[in-house]
Amino acid sequence: MNIAVKRVTKSFGTFVALNDVSLDVPSGALLALLGPSGSGKTTLLRIIAGLETADSGSVFYADEDVTGAAVRDRNVGFVFQHYALFRHLSVYENVAFGLRVRARSADVDRRVRELLRLVQLDGLARALPSELSGGQRQRVALARALAAEPKVLLLDEPFGALDAKVRQELRQWLRRLHDELHVTSVFVTHDQEEAFEVADRVVIMNHGHIEQEGTPEEIFERPANPFVIDFLGNVNVLHGHVQNGRARLGQLEVAYPDYPHAESRAATAFVRSHELEIVRTRNGRPAIEAKVTHVNPARPVVKVRVYSEAFGIVLSVDVGWERYAELRLTVGDTVWVSPRQLRVFVQDRAVVDVPGLGA
């Protein structure tokens, strides 16, 4: 069951939550809607579910236009952030609730017990939600959503109310569950690590539109624009200009063949903290002179901050433990920082990777 969203727009008063958004979710995919608060991801999920009505545009499940269909007619499983369980009903009855109006008692019992085994809660059928942990309650909510064998499974920040350890365990469990069931699924998250670990495809949203869509690897390695790479985090930003096939960023100058023109244009370069290398002396590669201002020996890497007077900024560098032992860095040391790879953006031009940084 593939999902197609076609040119959907939605406003709340003067606030435009979605602006002409189109999206295809392949059949059997697990797709993450990722973005900051207010980016439109939850509104898009609710329109797919039928919980919100678009101002314009359409939604298709396979070849069926469900734009005007009621929620009950779409056969969608929906999992909320805060579980939304019936507190006075047992785990068994919570899962059975939606089945009782459409199935025989024997079929209800079989289906509920099957689902409780699937979510590893078959020993807690008689327990009340108040007797469960947060992770167990979310698994009950997921079993309830799956009870009616939905065409589509939608999850709104499903792990947002859980602590970090439980969140880690549950997202690994959700990935395994999806691999077993293959139900087309869309989930909303603002957690980059969660989206990249769980999803087959990731959609980055911002201010009511889609910035980039692709596999986690595609988005991480080939970010489409400055917003995407900055949103994904752990980046250092350098400002400068490009001219005659060179990018000049403060004291750093590298080849930039994508812009061979004589006219100088402003440019911004992004480099992730693990893509920077610290050396004690210049080695012929393009590098930035800086002073060590802070060393944080946090596992699994040492996080080092250095101040570049030329740029007037602090750079964050991730250093492996073996390399850190060789360097013996202390606060106040003068070092040279060399990017292994830069991603350069020139105004509205697409990103260009500059690997190796040969002069």
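Determine whether region 93-115 contains at least one residue that is at positive phi and either open to solvent by 20 Å² or more (accessible area, probe 1.4 Å) or touching a Gly at 6+ places or on another chain (Cβ under 8 Å) (or both).
The answer is no; no qualifying residue exists.
Name the single residue, out of those in region 146-170 being in contact (Cβ under 8 Å) with a residue 12 or more places away in the chain, over 13 Å from LEU118 (Cα atoms) and assigned to a helix (DSSP H, G or I), that is least open to solvent (accessible area, probe 1.4 Å).
Filtering first and then ranking leaves LEU170.
Restricting to region 207-235, and then to whatever is open to solvent by less than 20 Å² (accessible area, probe 1.4 Å) and in contact (Cβ under 8 Å) with a residue 60 or more places away in the chain, can you tell me which residue is nearest to GLU193 (Cα to Cα)?
ILE229
With the requirement that a residue be assigned to a strand (DSSP E or B) and exposed (fewer than 14 other Cβ atoms within 10 Å of the Cβ), what does region 252-278 give you? Write out each step before concluding.
Step one: list which residues in region 252-278 are assigned to a strand (DSSP E or B), which gives 252-255, 265-272, 276-278.
ARG265, ALA266 - these are the residues of region 252-278 that are assigned to a strand (DSSP E or B) and exposed (fewer than 14 other Cβ atoms within 10 Å of the Cβ).
Tell me, please, whether a residue that is in a helix (DSSP H, G or I), touching a Leu at 6+ places or on another chain (Cβ under 7 Å) and closer than 21 Å to PHE80 by Cα can be found in region 196-218. Walk me through it before giving the result.
Step one: filter region 196-218 for residues in a helix (DSSP H, G or I), giving 196-198, 216-218.
Retained after the next criterion (residues that are touching a Leu at 6+ places or on another chain (Cβ under 7 Å)): 198.
Cutting the leftovers down to closer than 21 Å to PHE80 by Cα gives us 198.
Yes, region 196-218 has at least one match.
One line per residue, one yes/no per condition, for (1) at positive phi; (2) open to solvent by 50 Å² or more (accessible area, probe 1.4 Å); (3) charged (D, E, K, R):
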site	(1), (2), (3)
ASN2	no, yes, no
PHE15	no, yes, no
ASP20	yes, yes, yes
LEU33	no, no, no
THR53	no, yes, no
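Please go through (1) open to solvent by 50 Å² or more (accessible area, probe 1.4 Å); (2) of a type outside the set (Gly, Ala, Ser); (3) farther than 30 Å from GLU309 by Cα; (4) over 13 Å from the mean Cα position of the chain (by Cα) for HIS239 and return the number of the only condition it doesn't satisfy.
Tallying (1) open to solvent by 50 Å² or more (accessible area, probe 1.4 Å); (2) of a type outside the set (Gly, Ala, Ser); (3) farther than 30 Å from GLU309 by Cα; (4) over 13 Å from the mean Cα position of the chain (by Cα), HIS239 fails exactly one: (3).
Within region 236-251, identify whether any single residue is out of contact with any Phe, Trp or Tyr (no Cβ under 9 Å at 6 or more places or on another chain), part of a loop (DSSP other than H, G, I, E, B) and touching a residue at least 24 places away in the same chain (Cβ under 8 Å), and answer yes or no.
For region 236-251, residues out of contact with any Phe, Trp or Tyr (no Cβ under 9 Å at 6 or more places or on another chain), part of a loop (DSSP other than H, G, I, E, B) and touching a residue at least 24 places away in the same chain (Cβ under 8 Å): absent.
Return the only residue of VAL337, VAL302 being at pLDDT 90 or above, farther than 26 Å from VAL242 by Cα, open to solvent by less than 50 Å² (accessible area, probe 1.4 Å) and among the hydrophobic types (A, V, I, L, M, F, W, C). If you could, list the steps in order and put the result at the bottom.
Details: VAL337 fails: farther than 26 Å from VAL242 by Cα.
The unique qualifying residue is VAL302.
The values are calculated or read from the model by the stated rules, or taken from the named source; none is laboratory data. Keep in mind that what you see is a predicted model, and the values were worked out from it rather than measured. Ideal geometry is used to build each Cβ from the backbone, glycine not excepted, and the neighbour counts take in all protein chains shown. Calculation scope for accessible area: heavy atoms of the full protein, side chains included, ligands and nucleic acids excluded. Shrake-Rupley method; radii C 1.70, N 1.55, O 1.52, S 1.80 Å.
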